[in-house]
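K.L.:
My structure is below; once you've seen it, I'll send some questions.
What follows draws every value from the coordinates through simple rules; no lab data is involved. A quick note: this is a predicted structure, and the numbers were derived from the prediction, not measured. No Cβ is skipped: glycine too gets one built from the backbone with ideal geometry, and neighbour counts run over all protein chains shown.
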Amino acid sequence: MMALARAVTLVVALGATCAYASDIGYLAPPGLSAKNFPSPQRPVAQIVAPSRSTEEHRDSLDESGEIARLLEIKPGMTVGDIGAGSGYHTVRLSPRVGPTGSVIAEDVTRDYLVALARRTERLKLTNVKFALGEPHDPRLPASVLDAAVLVHMYHEITQPYAFLYNLAPALKPGARIGIVDLERPTSEHGTPIELLRCELCAVGYREMATYQLAGDGGYLAVFSPPDEASRKSPHDIVACGDRAGTR
């Protein structure tokens with residue numbers, strides 16, 4: 001009987017996993033192809049894990065709360081957790097935006113989103129949506145986000161200029177994008193702040209503020225997205241050099 005119960009449990013679990021996988025896909029048609037944009041003139045770090053550190057350590061620094069306060073995330077907002085991974089920020093942003101708000105967890109790795117969907121169901125978080133993205137395109141609907149967070153993942157974006165260009169239409173007027181990273185080379189899973197500024201400005205984003213986060217959390221750089229008039233044509237974007245701010 002115990003063997004039968006285990007078998008039934010396994011079948012149910014596999015069925016749930018398949019259901020999650022079938023439900024997770026692109027939320028919007030594709031944007032412009034990566035071939036229209038320059039490639040980054042610096043190393044791109046590999047995706048090696050869905051989380052950079054233990055959640056206990058990150059909670060001890062109040063990482064999610066500090067970022068949310070600095071970005072002024074409030075109830076009723078729709079926030080994109082771009083490169084959501086294991087969902088550290090997704091599950092903490094969900095109660096912050098409340099039942100009238102929502103969190104869109106986006107990632108290019110489907111398995112991460114499937115696991116996160118199972119996690120949010122266990123936690124009974126009903127305001128989380130899932131979006132499969134591509135290395136050059138988050139595939140998000142237009143004018144859906146009040147804010148977006150990209151936490152310790154920017155250095156892993158293989159086509160940053162195309163990605164930033166295709167992300168911009170998903171951000172509402174007045175939206176903020178917060179990028180968290182470490183002041184170290186991209187090959188060492190960080191992004192020098194001057195290089196980050198150069199790459200975002202190359203697409204038309206405007207820097208609003210930069211903050212140093214607690215402990216080993218790195219920096220939070222806040223940008224406003226370009227509107228249709230200020231978003232540069234792909235052919236006018238000039239790639240930044242590997243050294244900070246060089247072209």
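K.L.:
For the stretch 42-127, what is the convex hull volume of its Cα atoms per residue in Å³?
P.N.:
Residue-normalised Cα hull volume stands at 113 Å³.
K.L.:
Can you give the helix-only mean residue ellipticity at 222 nm for the chain, where every DSSP H stretch with n ≥ 4 adds -39500 (n - 2.57) and the sum goes over all residues, rounded to the nearest 500 deg cm²/dmol?
P.N.:
Taking each H run of at least 4 residues, the total per residue is -9500 deg cm²/dmol.
K.L.:
Please report the antiparallel percentage of the DSSP beta bridges confined to the stretch 2-236, to the nearest 5.
P.N.:
Rounded to the nearest five, the antiparallel share is 40 percent.
K.L.:
Taking the simple approach of a point 7 Å from Cα along Cα-to-Cβ for both ALA49 and SER230, what is their distance in nm?
P.N.:
Distance between label points: 3.8 nm.
K.L.:
Could you size up the charge dipole of the chain around its Cα centre, putting +1 on the beta carbon of Lys and Arg and -1 on that of Asp and Glu, and report it in debye to the nearest 20?
P.N.:
Charge dipole, the chain, about its Cα centre: 440 debye, nearest 20.
K.L.:
Over the Cα atoms of the chain, what Rg and Dmax result, in angstrom?
P.N.:
In order Rg, Dmax, the Cα atoms of the chain give 18.3, 68 Å.
K.L.:
Mind ordering 24-30, 101-107, 60-66 by average Cβ neighbours within 10 Å, highest first?
P.N.:
101-107, 60-66, 24-30
K.L.:
Still on this structure, please answer the following. For an R0 of 25 angstrom, estimate the FRET efficiency from the Cβ-Cβ distance between LEU123 and SER33 and round to the nearest 0.05.
P.N.:
So the FRET efficiency works out to roughly 0.10.
K.L.:
Please state the equivalent ellipsoid semi-axes for the stretch 53-93: what are the square roots of 5 times the Cα gyration tensor eigenvalues, largest first, in whole Å?
P.N.:
Details: eigenvalues 62, 35, 10 Å².
Whole-Å semi-axes of the equivalent ellipsoid: 18, 13, 7.
K.L.:
Give the angle, between 0 and 90 degrees and rounded to the nearest 10, that separates the Cα long axis of helix 2-23 from the longest principal axis of the Cα atoms of the chain.
P.N.:
30
K.L.:
Same structure again: What area, in nm² and to one decimal, does the C-alpha convex hull of the stretch 106-237 cast on average over all directions?
P.N.:
8.7
K.L.:
Between the alpha-carbon centers of the stretch 38-74 and the stretch 179-247, tell me the distance in whole angstrom.
P.N.:
What the calculation gives is 15 Å, centre to centre.
K.L.:
Here's a follow-up. Separation between the GLU207 and SER60 pseudo-spin-labels, each 7 Å from Cα along Cα→Cβ, expressed in nm?
P.N.:
3.1
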